[in-house]
Structures are given as C-alpha cells and as structure tokens.
Amino acid sequence: MKKVLEGVRVIELSTYAAAPMVGRVLADFGADVIKVEAPSGDPFRNFGLSVNAPVSEEENPCFQLENANKRGIVLNLKSQEGKEILYDLLKDANIFFTNTRIEALRKLGLTYEDLSSRFPHLIYGHISGYGFKGEDSKLPGYDITAFWARGGGLADLATEGNGPLSAPYAVGDHCTTLALCSGLLGALYKQTRTGQGDFVLVSLYGVACFVNSLMITPAQYGDVWPKSKYLPLTPISNTYVCKDGEMITLTILDYQRDWGKFCKVIDREDLIPEERFNNPTSAKQPENSRELVILLGEIFATKNREEWVALLKEYDLPFSITQHLKEIPHDPLAWENGYLSSFTYDSGNTSAIPNTPVQFKENTASPCLRAPLLGEHTRQVLAELGYSPERIQNCIDAKAVCSRS
C-alpha cells in the first residue's frame with residue numbers, strides 16, 4: 001500500500017534520540033530518510049554500554065530503535081567537498097532537520113539563514129535544549145537536564161520525602177520528537193501549496209512546559225508538588241499493592257457516579273453513605289484521605305492483582321494493571337494493536353522494538369528494517385545524485401565521505 005509520505009525526501013543531520021526518532025517516524029510514514037553522520041558516527045551507537053545493552057554491528061537495539069528504516073551516509077562537513085555533497089542532497093529534498101547546536105551550525109554555514117537563501121523550498125527543522133533566546137539557550141541540553149530537571153519533573157514527580165526521580169531515558173526526547181514531527185508535517189502541507197519552505201523550531205524545555213502544563217497551571221494557585229501517596233487526586237485515583245505484590249492503578253474521576261460501584265467492588269457497601277468518603281470534597285480532606293488510603297491499601301492487599309482486575313472489569317471502572325517495563329514486550333495488548341514489532345538482529349537474537357504510535361487506515365507500521373551501519377549507503381546515495389564511480393572514489397580518497405565498501 002502507498003505510504004502517506006511516499007515520495008518525500010528527508011535529510012537528517014542528528015545524534016542521540018530526540019531528532020533521530022523524528023527520522024524514524026517519517027521513515028515509518030514512507031519518507032526516504034537519509035541519515036548524515038560525521039566520520040566518527042552518531043555517539044548514540046554506543047549508548048547501549050550505559051544500559052547493559054549490546055552495541056555491536058550485529059546487535060545494537062538502542063540504535064535500532066531510533067534509526068530503523070533509514071539509509072545512512074557519512075559526510076565530512078568540515079570539508080568543502082563534503083558540504084557540497086550535502087547541498088546536492090538538499091536540492092531535491094523536502095525536509096532537512098538537525099539537533100546540532102547553533103554555534104556549530106554557524107561555523108559550518110548550515111543555519112536556517114544559510115540554507116534558506118540557497119534552497120527556498122526547503123523545510124528546516126531544529127531541536128534544541130532550551131530554545132534560541134536568552135542566556136541559558138546556549139547551554140548544552142539533554143533530555144535529563146532540559147526536559148526533566150528544568151521542566152519540573154525531577155523535583156516534583158517523586159513521592160513526598162523520597163528525593164528526585166531517576167529520570168527515565170528519552171521520555172522527553174520522544175515527546176519532543178512528536179512535537180517536531182507535527183511542525184514538519186504542517187510545513188510540508190504549506191510546501192505542497194506554495195512551494196515555499198519554513199523554519200520549524202522545538203526545544204526539550206519548551207515541550208516540558210507543554211507536557212507539564214496541567215501541573216504548571218494549578219501550581220500557580222497553590223497546588224503543591226510533590227504529592228504524598230496519602231494525598232492523591234482522590235483516594236480512588238491512586239495506586240495500590242495487591243496480595244501478590246503486583247499493583248493496580250485506579251483513575252476514578254467521576255467520584256459521585258462511581259463511588260457506590262467501587263464500594264461494591266471492594267465488598268464494603270457499608271462505606272457508601274459514609275460522609276467522610278462518599279464525595280470528593282470530603283475525601284480530599286487530609287485526615288480523611290489518609291484514613292481511606294490506608295484502608296484501601298489493606299483491602300487491596302487481600303487479593304491478587306488478577307482477582308481485582310476481574311472485579312474492576314465487571315463494574316466497568318477505570319483502572320489499569322501497573323506494569324513493569326519488562327512486562328510490556330509480553331503484553332498481548334501491545335502486539336494485538338501493532339505497538340511492537342519483532343526484530344531479528346544479524347546476531348540471530350530477537351527483541352521487541354516499539355513502533356511509531358501514529359497509525360493510518362492504509363499505512364500500518366513499516367517492517368522494522370535494520371538501522372544503517374556507519375556509511376552503509378554512501379556509495380548508493382551518491383550514485384543516485386549522478387556521481388560517477390570515479391568521482392565517488394575521489395570523494396572517499398579525499399576523506400569528504402566515508403563508505404563501508
């Protein structure tokens with residue numbers, strides 16, 4: 001079936017996670033995405049060493065996650081010839097995006113201003129840590145610092161008295177991915193109508209402000225974080241540990257409607273008329289909330305998780321099993337909905353790779369093709385640009401490009 005971005009050419013100059021995942025998403029939508037790397041390669045090729053995952057050419061799951069379905073070339077953009085090759089790539093490209101810091105882009109002559117004058121049709125996307133304005137915009141920005149720390153998550157999302165979270169890997173990166181994708185696709189619509197490019201900017205910090213906006217807004221009116229487990233949104237929007245040590249998370253927001261049903265689930269219909277608990281205003285009072293949370297904790301500890309699942313489903317109450325990360329690759333729901341793909345590495349090992357979350361009626365997730373090896377498609381891409389074999393070899397000899405063969 002024809003992919004929604006079939007025929008769109010994307011040139012990616014990026015490293016690590018937030019920006020490379022943009023290329024992965026666009027490639028999954030059907031675009032021809034060419035990843036440009038420096039001769040030293042994307043440092044994320046070695047990220048697995050930090051998280052106990054393989055990093056060999058035969059098996060590199062972290063790099064595979066961010067870079068599946070692309071082609072890859074190596075250009076030395078510090079050489080004039082390498083830069084000219086990039087220009088040749090951009091002549092017929094729809095989109096160019098990068099997360100290279102602005103100071104480095106200025107040195108390379110690859111800012112938006114540099115490229116838009118040469119390629120007025122080109123959509124230029126940029127991901128930064130903190131934006132382009134203000135003294136701190138010059139700071140190096142990663143997911144943990146710009147999204148989690150500056151964006152409030154580390155300080156305020158742990159439970160009270162337990163210190164900051166260990167920031168989850170790439171959550172802010174991948175939220176920022178979707179933000180840039182949305183902007184690029186909007187600009188692509190403009191390009192199809194007018195032939196003109198645009199400049200699309202997102203930052204990790206800006207996305208954190210957006211993602212955390214429903215906490216930032218009431219915080220200005222006295223809603224205090226971090227939250228004690230005894231002072232949740234309400235006691236029936238909370239997480240409880242079951243008899244088997246597994247957890248159930250409740251999110252019963254329509255308190256007045258569902259309190260009676262919930263009391264039937266826990267076999268405590270005597271609590272239905274209890275004025276301390278039967279409405280959200282009373283239940284949120286600190287002394288009442290603490291008492292009810294302790295009581296519910298004792299009740300949930302009397303049955304295994306699957307027993308509670310059956311009861312909560314019977315009464316159609318909003319809840320979820322509280323899964324561990326290691327459980328998700330074995331979750332039938334994730335496979336049935338196409339949220340995961342099985343990928344077999346050249347090593348022969350297999351793992352589950354999460355897919356792009358956006359789905360179309362006639363554009364299901366692409367087969368998860370192997371991420372490019374360093375310089376794997378250099379000769380192929382240059383040949384497509386009309387370079388002769390002799391010229392390609394001269395570029396290799398001059399160290400303007402690198403190729404695996």
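The values are calculated or read from the model by the stated rules, or taken from the named source; none is laboratory data. Here the structure is a predicted model, which means the values were calculated and not measured. Glycine gets a Cβ as well: all are built from the backbone with ideal geometry, and neighbour counts include every protein chain shown. Quick note on the areas: whole protein, heavy atoms, side chains included, nothing else; ligands and nucleic acids left out. Shrake-Rupley method; radii C 1.70, N 1.55, O 1.52, S 1.80 Å.
If I take every Cα pair under 8 Å that is 6 or more residues apart in the chain, average their sequence separation and divide by the length, what percent do I get for the relative contact order?
Relative contact order, the chain: 20 percent.
Given the alternatives [x] 140; [y] 195; [z] 177, volume of the Cα convex hull per residue in Å³ as computed for this entry is given by [z]. Each eigenvalue of the Cα gyration tensor of the stretch 145-304, multiplied by 5 and square-rooted, gives one semi-axis; in descending order these are 41, 18, 16 Å.
Share of antiparallel DSSP beta bridges in the stretch 3-124, in percent to the nearest 5?
Numbers: 1 of 15 bridges.
Here the antiparallel bridges make up roughly 5 percent for the stretch 3-124.
Name the helices (complete DSSP H segments) of the chain with a Cα length along the long axis of 20 Å or more and a Kyte-Doolittle mean of at least 0.0, or state none. Write down the numbers at each step before the final one.
Working: long enough: 171-194 (35 Å, 0.30); 286-300 (21 Å, 0.41).
For the chain, where a helix must reach 20 Å along its axis and average at least 0.0, the hits are 171-194, 286-300.
Could you give the accessible area per residue of the stretch 356-405, probe 1.4 Å, as a whole number in Å²?
59 Å²
In this label model, THR281 and SER40 are separated by 6.3 nm, measuring between points 7 Å along each Cα→Cβ vector.
Can you give the % of DSSP beta bridges in the chain that are antiparallel, to the nearest 5?
Working: 16 of 38 bridges.
Taking every DSSP beta bridge within the chain, about 40 percent pair in antiparallel fashion.
Each 10 Å bin from zero holds the following percent of Cα-Cα pairs in the stretch 232-382: 9, 29, 22, 16, 12, 7, 3, 0. In this simple spin-label model, placing a label point 7 Å from the Cα along the Cα-to-Cβ direction at both LYS2 and VAL51 gives a separation of 3.7 nm.
Sites listed here are chymotrypsin sites (Phe, Trp or Tyr not before Pro) in the stretch 134-178 whose DSSP assignment is loop and whose Cβ has at most 15 other Cβ atoms within 10 Å: TYR169. Fully extending the segment from ARG257 to ARG391, taken as 0.36 nm per residue of separation minus the present Cα-Cα distance, adds 40.9 nm.
What's the FRET efficiency of LEU165 with VAL241 using the Cβ-Cβ distance as r and R₀ = 22 Å, to the nearest 0.05?
Details: r = 19 Å, r/R0 = 0.88.
It comes to 0.70.
For the chain, set up a Gaussian network in which alpha carbons nearer than 10 Å are linked by springs, and say which option among GLY129, GLY161, GLY109 fluctuates the most. Per the Cα network of the chain with a 10 Å cutoff, GLY161 tops the list. Measuring r between the beta carbons of GLN196 and ASP270 and using R0 = 45 Å, the FRET efficiency lands at 0.05. At a 1.4 Å probe, what is the % contribution of carbon and sulfur to the accessible area of the chain? Whole-percent figure for carbon plus sulfur exposure: 54. For the stretch 46-105, the Cα-based Rg and Dmax, in that order, read 15.1, 41 Å.
Report the equivalent ellipsoid semi-axes for the stretch 1-137 in whole Å, largest first, defined as the square roots of five times the eigenvalues of the gyration tensor built from alpha carbon atoms. It would help to have the intermediate numbers written out before the result.
Numbers: eigenvalues 112, 78, 46 Å².
Working through the eigenvalues yields semi-axes of 24, 20, 15 Å.
For the chain, the 222 nm mean residue ellipticity estimated from helices alone, with every DSSP H stretch of n ≥ 4 adding -39500 (n - 2.57) and the total spread over all residues, rounds to -10500 deg cm²/dmol.
Measuring how big the stretch 291-359 is from its alpha-carbon positions, Rg and Dmax come out at 17.3, 56 Å.
Tell me the per residue accessible area of the stretch 64-205 using a 1.4 Å probe; a whole number in Å² is fine. It would help to have the intermediate numbers written out before the result.
Values: 6650 Å² over 142 residues.
Averaged over the residues of the stretch 64-205, the accessible area is 47 Å².
Over the stretch 209-299, the hull volume per residue, using the convex hull of the C-alpha atoms, is 114 Å³. Please check: in the Gaussian network model of the chain (C-alpha springs, under 10 Å), which one of THR249, THR98, THR281 has the largest mean-square fluctuation. Top of the fluctuation ranking is THR281. Within the assembled protein chains, the solvent-accessible surface assigned to PHE360 is about 80 Å², based on a 1.4 Å probe. The distance between label points at ASN349 and ASN304 comes to 3.1 nm (points 7 Å beyond Cα on the Cα→Cβ vector).
For the stretch 314-405, run through the GluC sites (Glu not before Pro) and keep only the ones in DSSP coil with at most 16 other Cβ atoms within 10 Å of their Cβ. Write out the running numbers ahead of the final one.
On the way: sites: GLU314, GLU327, GLU336, GLU362, GLU376, GLU384, GLU390; in loops: GLU362, GLU376.
The qualifying sites are GLU362.
Between PHE319, PHE119, PHE343, the GNM of the chain built on Cα springs shorter than 10 angstrom shows PHE319 fluctuating the most.
So what does the Cα-only Debye profile of the stretch 338-405 read at q = 0.16, 0.18, 0.23 Å⁻¹, as log10 I(q)/I(0), no solvent term? For the requested q values the scattering log ratios are -0.73, -0.78, -0.91.
Can you figure out the FRET efficiency of HIS121 with GLU81, using R₀ = 35 Å and their beta-carbon distance, to the nearest 0.05? Calculated value: 0.90.
ASN46: net charge of surrounding residues, Cβ under 14 Å, Lys/Arg +1, Asp/Glu -1, itself excluded?
On the way: positive: ARG45; negative: GLU37, ASP42, GLU57, GLU59, GLU66.
Residues near ASN46 contribute -4 overall.
Summing charges over all other residues whose Cβ lies under 9 Å from the Cβ of ALA31, with Lys and Arg as +1 and Asp and Glu as -1, gives -1. For the stretch 54-212, the alpha-carbon coordinates run over 56, 40, 30 Å along the three principal axes, in decreasing order.
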